[in-house]
Amino acid sequence: VVARTGGEEFVALLDDLATNEAFAAVERIRAAVEDGHFDDSRRIRITISAGVAVFRAEDDTFETVLRRAGGALHVAKAEGRNRVKLAA
């Protein structure tokens, strides 16, 4: 499931993935967006930055996981954009 959370931010819910699988899936999405072409005659550079977080404790809620992912997203942007960061 992909949903817009505001402005230019989206959330992707990837069901039942381990941390490394979720990170790899988002990295594949990032690379596909960067390599994408809108038509055959010109390339327009589009990149994404992403934060990845997974449920890791029994008391985690959607809000706590989303907050950690948002923190990782801000780190990705601060480090130069066009990258995926894993939440601490």
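The values are calculated or read from the model by the stated rules, or taken from the named source; none is laboratory data. Just so it is clear, the model here is predicted, and its values are computed rather than measured. Cβ: placed from backbone, ideal geometry, glycine included. Neighbour counts: every protein chain shown. In case anyone asks, the SASA skips ligands and DNA or RNA and just uses the protein heavy atoms, side chains included. Shrake-Rupley method; radii C 1.70, N 1.55, O 1.52, S 1.80 Å.
Observations on the model:
- Solvent-accessible area, 1.4 Å probe, carbon plus sulfur percent, for the chain: 53
- Descending by average beta-carbon neighbour count within 10 Å, the peptides 51-63, 73-85 line up as 73-85, 51-63, the highest first.
- Linear extension gain, residue 5 paired with residue 35, 0.36 nm per residue minus alpha-carbon span: 8.3 nm
- Per residue solvent-accessible surface (Å²) - the chain, probe of 1.4 Å: 73
- Taken along the Cα-to-beta-carbon direction at a fixed 7 Å, the label points for residue 13 and residue 27 span 2.6 nm.
- Using only side-chain charges placed at the Cβ, +1 for Lys and Arg and -1 for Asp and Glu, the dipole size of the chain relative to its Cα centre rounds to 480 debye.
- The chain: angle of helix 62-78 to the longest principal axis, Cα-based, in degrees nearest 10: 40
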